[in-house]
Amino acid sequence: MSTTSIINDELKVATEYVNNVFETVKKRNAYEFEFQQAVKEIFDSLIPLFAKEPLYIQHNILERIVEPEKMITFRVPWVDDQGNVQVNRGFRVQFNSALGPYKGGLRFHPSVNGSIIKFLGFEQIFKNALTGQPIGGGKGGSDFDPKGKSDAEIMRFCQSFMSELYRYIGPDVDVPAGDIGVGAREIGFLFGQYKKLRGAFEAGVLTGKSLGFGGSIVRKEATGYGLVYFTQEMLRDKGLDFNGATVVVSGSGNVSIYAIEKAQQFGAKVVACSDSNGYVYDPDGINLDTVKRLKEVECKRIKEYVDFHPNAEYYDGCTGIWSIPCDIALPCATQNEIDEESAKTLVANGVKAVAEGANMPSTIEAINVYLNNGILYGPAKAANAGGVAVSALEMSQNSMRLSWTFDEVDQKLQQIMHNIYQASMEASVEYGHPGNLMVGANIAGFKKVAEAMISQGVI
C-alpha cells in the first residue's frame, strides 16, 4: 500500500471518529447552538492530530473532554431598590481539571444561558492550556444585567449569587474571575461575601480583585495588551507591523480600551470603536482619554464621543464598523459579531490581519473567508489568552503573599503571548497546516490536556 493510501486511510478513520462524536454532541445538546459551534470549530481542526496519533482515539478523549465534569445551575433571588424581589439564574460549568483547578470568568449579561456558558467553558480549557499555567477550564455567570442598576442592587445580587456559588469554589478547586459585566466592583462584592461565608481571607479564590486586597497589576490591561502582543507576533512573521497601520477595534470595555492603548503605543492609528448600541468613526484617530472617561468614569454610551470630537461620526448598530477600511481588525465585543458578509467586506477593503479579543467573535463562515484569502488570523483562544494568563499570575502572587511590579508582570505577559504564538505556529507546521493558527492553537492546547487526562486514567 502506498504512503498516500495509508495517509488517506488514517484521515478517513480520524474524520469518521470526529464526526461520530460530534453527532453525539448535537443529540445531547440539541438546542445549545453556541456550544455546538465552538465544538465543531475545535473538532474539525483536530482531525490531522488524530490521523497522525491514533492514541487519542483509542482513549476516546473527544467524548470525554466535551462533557463537563460538573454543570451547576442555581436560582439567584435579590431585592431591588424599590423593595421588589427579583430572580435571576446563575451558572458555573467546571469543564476540565486535568491541568489544575478550574479557571474562568463570570459573565453577567441578559444573553447568558447554558449554551453560552458551556461554549465559553469549553474554549477556556484549551486557552488555559496554551498559557502554560497550571489551570483547568471553567466558566460561569448569570442573566443578570448590571446596566442601569445601582451599586446597592449590584451588591445585593452579588451577595446572593455568591451565597450559592461559594460551595463549589476555592483556591485549589475553582477560581472565577471577571468577564462581561463583571469588573473590580462586582469581584469586590463577590469576594466580600465569600470571605464572610467562609470565615477566612482566601485571596486566591477570585482573580481580578482590586490592588488593595490581592489583585495584580496589569490584570485590567492584560487581555487587550496580550491581544496586541500576539498580533504583533503574527505581523512580524510576515514583515508587517502595527506602526503606521490603520486599526478598527470593536467594543469599548476593558479588552477594547487596552487593545487601543497598546496599539497606539505601537504606532497604530485606531479609527473606530463601539458599544452595544452603535459605533464611532474618527478619521483623526480615536482619542483614548475620551473613551476612558465615558466608559470607565461616567458609564455613558459611546455615541457621546462625538460631542467632544466634531470630526467623528456616530452610527447606530454595530455590524457597520467592519465596513471601515483598515489594515488590522480586532473584534473585542462579543460572540459572532463578524459574519461571512462582514468578513468579505474586510477582505475587499484590504485587511491584512484579524485577531480576536472577544470569545468566538467570528462565525465559522467568516473564519473560512479569512483563511481562504490568506488573511492573518489570530483565534480567540490564543490571541485573547492574556487575561487568564495574568489571572494565573495573580493566583501565584496570592499564594506567595507578594506583589510584582508592572514591568515584571508585563514582561511575563509578553513572554506568555510569545510562547502561545510559537506553540500554535509549530503545531500548525507539524500537522500539515502551516500558518493556520486556528488549527495550531487547537492542537497545541488539546494535546496538553489530553496527555494529562491519559496519565490520570479514566475519571
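Nothing in this text is a laboratory measurement; each read-out follows from the coordinates by a stated rule. Keep in mind the model is a prediction, meaning the values are calculated, not measured. Glycine also receives a Cβ, built like all others from the backbone with ideal geometry; neighbour counts cover every protein chain displayed.
Provide the FRET efficiency to the nearest 0.05 for the Ser210-Gln265 pair, computing r from the beta carbons and using R0 = 30 Å. Efficiency for this residue pair is about 0.75. Candidates Leu49, Gln36, Leu11 compared by Cα position along the dipole of the stretch 3-65: farthest toward the positive end lies Gln36, with charges placed on Cβ. Restricting to bridges with both residues inside the chain, how much of the DSSP beta-bridge set is antiparallel, in percent to the nearest 5? Bridges in the chain that DSSP calls antiparallel: roughly 55 percent. Applying Stokes-Einstein at 37 °C and 0.692 mPa s to the Kirkwood radius of the stretch 220-383, computed over alpha-carbon pairs, gives a translational diffusion coefficient of 215 µm² s⁻¹. Our note on the geometry: Cα centres of the stretch 265-291 and the stretch 193-258, 18 Å apart. Temperature 10 °C, viscosity 1.306 mPa s: under these conditions the Stokes-Einstein estimate for the stretch 70-201, based on its Kirkwood radius over C-alpha pairs, is 108 µm² per second. Magnitude of the charge dipole for the chain, about its Cα centre and with charges confined to Cβ atoms of Lys, Arg (+1) and Asp, Glu (-1), is about 1180 debye. Using a cutoff of 8 angstrom between alpha carbon atoms and counting only pairs six or more residues apart, the relative contact order for the chain works out to 15 percent.
Put in order of Cβ neighbour count within 10 Å, fewest first, the listed residues Ser274, Ser399 become Ser399, Ser274.
Could you sort out which of Lys238/Lys269; Lys262/Lys344; Lys262/Lys303; Lys139/Lys381; Lys52/Lys118; Lys209/Lys295 sit more than 25 Å apart by Cα distance in this structure? Exceeds cut-off: Lys262/Lys344; Lys52/Lys118. Between the stretch 21-70 and the stretch 300-351, what is the C-alpha centre distance in whole Å? So the separation of the two Cα centres works out to 33 Å. Its relative contact order, with pairs defined as Cα atoms under 8 Å and 6+ residues apart, puts the stretch 286-388 at 21 percent. Basic side chains Lys and Arg get +1 at the Cβ, acidic Asp and Glu get -1 at the Cβ, and with that the dipole of the stretch 47-202 about its Cα centre reaches some 120 debye.
Applied to the stretch 279-294, the Karplus parametrisation 6.51 cos²θ - 1.76 cosθ + 1.60 on θ = phi - 60° returns per-residue 3J(HN,Hα) values of 9, 10, 10, 10, x, 7, x, 4, 7, 5, 4, 5, 4, 4, 5, 5 Hz, with x for Gly and Pro. Between Gln415 and Asn84, full extension at 0.36 nm per residue minus the direct alpha carbon distance yields a gain of 114.2 nm. The gain in end-to-end length when the Ala452 to Lys27 segment is fully stretched comes to 150.2 nm, 0.36 nm per residue minus the alpha carbon separation. This ranking places Thr345, Thr207 by how few other beta-carbon atoms lie within 10 Å of each, fewest first, which gives Thr345, Thr207. In terms of the mean number of neighbouring beta-carbon atoms within 10 Å, the peptides 124-131, 32-39, 93-100 order highest first as 124-131, 93-100, 32-39. Can you compute the label reach from Glu313? Point 7 Å from Cα along the Cβ direction, backbone N cut-off under 17 Å, restricted to the stretch 334-356. The answer is 346, 349, whose backbone nitrogens lie closer than 17 Å to the label point. The Cα atoms of the stretch 49-97 cover 62, 15, 14 Å along the three principal axes, with the biggest extent listed first. Scanning residues 5 or more positions from Tyr377 or on other chains, those with amide H under 5 Å from its amide H are Val354, Leu437, with H placed 1.01 Å from N in the peptide plane. Using +1 at the Cβ of each Lys and Arg and -1 at the Cβ of each Asp and Glu in the chain, identify which of Ser342, Cys299, Val388 lies farthest towards the dipole's positive end. Working it through, the farthest residue towards the positive pole turns out to be Val388. Straight-line cross-link reach from Lys196 at under 17 Å between alpha-carbon atoms covers these aspartates and glutamates, not counting any fewer than eight positions away in the same chain: Glu164, Glu186. Beta bridges assigned by DSSP with both partners in the stretch 220-383 are antiparallel in approximately 35 percent of cases.
Of all lysines in the structure, the ones whose alpha carbon falls short of 17 Å from that of Lys300, not counting any fewer than 8 places away in one chain, are Lys147, Lys149, Lys292. Net charge dipole, the stretch 220-383: roughly 320 debye, given to the nearest 20, about the Cα centre with Cβ charges of +1 for Lys and Arg and -1 for Asp and Glu.
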